[in-house]
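Inspection log for the structure reproduced underneath, given as structure tokens.
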Amino acid sequence: MVRYLALIGTIGIGTLGMGSAALAQTNPAPKPPVNRPAASPLPSAQTQIILIRSTVIAVSHANATNNYSVLYGLGSPAFRSANSPEKLQSLFTNFRANKIDMTPVSLLSPQLSYQPVIENGRLRLVGFFPSQPMRVNYDLSFDFVGGGWQMAALSINLVKAPAQVAAPAPTPKTAPKPKRP
């Protein structure tokens, strides 16, 4: 049985970092991006959302099928030279072992923790999906290759979401009395 994001507890974290990839139990807060001159213009907000969602869903599908060849194929040449499908499979062992399904976040709007920037020619998007009870954090980088953005590095982890203050329930109104003929 697959556990959906809304039903999971604390789990290990699968992390694929910028240069070297490593599986970790904790992930320090991402450092704010440094804004450098861009070789390519920032993509539109809609394109950024597509890049974020499609990357997180690709990871979720790879975990569900234990087949990382498509995730590998979506990567930029630099990503593919640093990672193999087997290495990706090894990095996300905890997600598979805990049967984590991140596809429900596709219904949520990703929130950016930092302004998108292009640093060293690489687009960096850092933020989270406001899911409950676990929040999906992401730190994604993309290279502009052949006229489009390709995944260059990724870090995805789940953390306990901050408690939300519930809005008071609205007071129900009295229904109008029906008119009598």
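The values are calculated or read from the model by the stated rules, or taken from the named source; none is laboratory data. Because the structure is predicted, anything quoted here is derived from the model rather than measured. Every residue, glycine as well, gets a Cβ built from its backbone with ideal geometry; the counts of neighbours run over all protein chains shown. For accessibility, only protein heavy atoms count, side chains too; no ligands or nucleic acids. Shrake-Rupley method; radii C 1.70, N 1.55, O 1.52, S 1.80 Å.
List of remarks:
- Hits in the range 125-146 (condition: over 18 Å from MET102 (Cα atoms) and open to solvent by 10 Å² or more (accessible area, probe 1.4 Å)): ASP143, PHE144, VAL145, GLY146
- For the range 111-124, taking the residues that are surrounded by 18 or more Cβ atoms within 10 Å (Cβ to Cβ) and charged (D, E, K, R), the one that is farthest from PRO41 (Cα to Cα) is identified as ARG124.
- Filtering the range 48-61 to residues that are open to solvent by 50 Å² or more (accessible area, probe 1.4 Å), under 19 Å from GLY147 (Cβ atoms) and in contact (Cβ under 8 Å) with a residue 40 or more places away in the chain leaves nothing.
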